[in-house]
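Below is one structure; the comments refer to it alone.
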Amino acid sequence: MKTLVLSEEAVKNLLSLEEVIPAVESAFKMKGAGHAQMPPKQYLFIKKYNGDIRTMPAYLE
């Protein structure tokens, strides 16, 4: 499977602020009601490339 890499401009064009705010509000409500799993951030440091990968997994029911 190929990884889709989006530019900042492409991401900004996906949703308007008017669409984002209610979605984020809904996600916070679901988390507060216990309908979300959000483990801590995961860090993978890659010395060979002097870089890292940071993932933030989550699941909403």
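Please treat every number below as a calculation from the coordinates, not as lab data. It should be emphasised that the depicted structure is a prediction, and the values quoted were computed from it without experimental measurement. Note that each Cβ is placed from the backbone with ideal geometry, even for glycine, and that neighbours are counted across all protein chains shown.
Brief remarks follow.
- Estimated inter-spin distance, A10 and A58, nm [label 7 Å along Cα→Cβ]: 2.2 nm
- Pairs of Lys in the chain closer than 26 Å at Cα, counting only those 8 or more apart or on different chains: 9
- Ranked M30, M56, criterion: other C-beta atoms within 10 Å, fewest first: M56, M30
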